[in-house]
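Report on one structure; see the data block that follows.
The values are calculated or read from the model by the stated rules, or taken from the named source; none is laboratory data. Everything numeric here is computed off the predicted structure, so don't read it as measured data. Glycine gets a Cβ as well: all are built from the backbone with ideal geometry, and neighbour counts include every protein chain shown. The protein model used for the area step is the full one, side chains on, heavy atoms only, and it has no ligands, DNA or RNA in it. Shrake-Rupley method; radii C 1.70, N 1.55, O 1.52, S 1.80 Å.
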Amino acid sequence: IEIDHAASDLVVKGVYGNLIVGTAASTTTFKSVESLEIQSVKGSLIVKDAEGDLSVEEVRGNATIREISGKITLDEVTGNINLRGYISNADMESSGNINAIVNLDTDGTYNLVAGGNCTFRTDTEFNGKVELTSGSGRISVRTPNQSEHLQEEKHMIHGSGPGKINLEAGANVNYSCRYTSDFDIEFEENFVENATNLVEDITSQVTDQID
């Protein structure tokens, strides 16, 4: 299925097969679809429950992504990226913040690059390699074996598993891998809290509209 151009808001639900979109001029929403290839979204992008891959060249607003079974590729997002639910593999870049609360594949590869803050939280027992890079020299790490605030630009966690997480931020990096019963306890990070709270509030309001 191909959509060459959408001049206004675009909403697509319950479409299976490979969906190809050229240019969407405004807010674009996909729910319960298979695979997606999108060239350009001039507004914000919302994708929920995709069974295949998601590939997007450009989003000029925010991108909200939930429950993607295939690989996510977001080449260029002008606004913030918000990830929720299960994510198998991801490669994405945002000029704004990236905020991820996700479940992972233990052998997956996750490459997230943010111009602002990058916050990544999972309750999956991930034992792969983790590389954290902060342009501001402020990195926070919370795992069952480590809990500290680091004043450094780069930090490595050397795991024995096949998976890899790479988080890069122009500002602060907050990495939390807490596969214990206290995962839902609020992780207090003063230097990222104000930015991520606003993003989460907006994300909840928008995604609830397509439930």
Among the listed residues GLY85, GLY135, identify the single one that is within 30 Å of GLY17 (Cβ to Cβ), open to solvent by 10 Å² or more (accessible area, probe 1.4 Å) and not β-branched (Val, Ile, Thr). GLY85
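Just to be sure, is SER35 in contact (Cβ under 8 Å) with a residue 60 or more places away in the chain and not hydrophobic (A, V, I, L, M, F, W, C)?
Details: in contact (Cβ under 8 Å) with a residue 60 or more places away in the chain: no; not hydrophobic (A, V, I, L, M, F, W, C): yes.
Answer is no for this residue.
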Which of the residues that make up the stretch 1-48 are among the charged types (D, E, K, R) and in a strand (DSSP E or B)? GLU2, ASP4, LYS13, LYS31, GLU37, LYS48
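For the stretch 104-136, which positions are of a type in the set (S, T, N, Q), within 18 Å of ALA171 (Cα to Cα) and assigned to a loop (DSSP other than H, G, I, E, B)? Write out each step before concluding.
Step one: filter the stretch 104-136 for residues of a type in the set (S, T, N, Q), giving 106, 109, 111, 117, 119, 122, 124, 127, 133-134, 136.
Now drop any that are not within 18 Å of ALA171 (Cα to Cα), which leaves 111, 117, 119, 133-134, 136.
Answer for the stretch 104-136, where residues must be of a type in the set (S, T, N, Q), within 18 Å of ALA171 (Cα to Cα) and assigned to a loop (DSSP other than H, G, I, E, B): ASN117, SER136.
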Qualifying position, being modelled with pLDDT of 95 or more and among the acidic types (Asp, Glu), among ASP91, ASP107, ASP123: ASP91
Is there a residue being open to solvent by less than 10 Å² (accessible area, probe 1.4 Å), farther than 25 Å from GLU57 by Cβ and of a type outside the set (S, T, N, Q) anywhere in the stretch 105-115? no
